[in-house]
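Working notes, beginning with the structure itself.
The values are calculated or read from the model by the stated rules, or taken from the named source; none is laboratory data. These numbers were taken from a predicted model, which means no experiment stands behind them. Every residue, glycine as well, gets a Cβ built from its backbone with ideal geometry; the counts of neighbours run over all protein chains shown.
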Amino acid sequence: MYWLVALISFAIVGLILTGIALELRPANRPLQLPRWTAPAMGTQLVVFVGAQLGLLVLGINEAFAQEVVNGAEVDVVEISTGMGLAIIGAGIPTALSTIGAGIAVGPIGAASLAAITEKPENLGRTLIYLGLAEGIAIYGLVVSILLLNRI
């Protein structure tokens, strides 16, 4: 299983290095990649997805809880369907508020950049607007924490 983790790590590092190389190229020079990069990127993607599927199939037993540890019986806590649904319900406010914050930050960020390029003194005001949009996600997280305390 460790070789699958190493394979995924190798693929991630390769993608990061490719992104850095593309970011550091001069802006006025068009992107001219060597011929071997297209198959290499495709191969890297296939290796990454294959390694993740391999981890899922081969490493699934590692994730299961074991009832016996060093010969001693371990108490397994059973979670009922209602408790599972309650935990999922407690996570829903965070998920929805994060999606809402992402939807809000997109247009606000674009408008902020446009406003700052025209009048740089508006930077503080636009940061306040962005902070208010990000606050939506924090409110959802607080609600989820409060709900988890009630379970």
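Miscellaneous remarks
- Residue count for region 23-47 satisfying the condition of being modelled with pLDDT under 75, in a helix (DSSP H, G or I) and surrounded by 11 or more Cβ atoms within 10 Å (Cβ to Cβ): 4.
- Note on region 100-136: residues that are in contact (Cβ under 8 Å) with a residue 12 or more places away in the chain and either within 20 Å of Ala86 (Cα to Cα) or among the β-branched types (Val, Ile, Thr) (or both) total 4.
- Residues satisfying the stated conditions in region 55-90, i.e. part of a helix (DSSP H, G or I), small (Gly, Ala, Ser) and at pLDDT 75 or above: Gly82, Gly84, Ala86, Gly89, Ala90
- In summary, Asn149 fulfils each of the numbered conditions (1) in contact (Cβ under 8 Å) with a residue 12 or more places away in the chain; (2) within 30 Å of Thr81 (Cβ to Cβ) with the single exception of condition (1).
- For region 128-143, the candidate set comprises residues that are within 12 Å of Val105 (Cβ to Cβ) and not small (Gly, Ala, Ser); within that set, the residue that is nearest to the chain's Cα centre (by Cα) is Glu134.
- Residue check for Ala95: hydrophobic (A, V, I, L, M, F, W, C), free of Cβ contacts under 8 Å to residues at least 40 places away in the same chain and on the phi < 0 side of the Ramachandran plot: no
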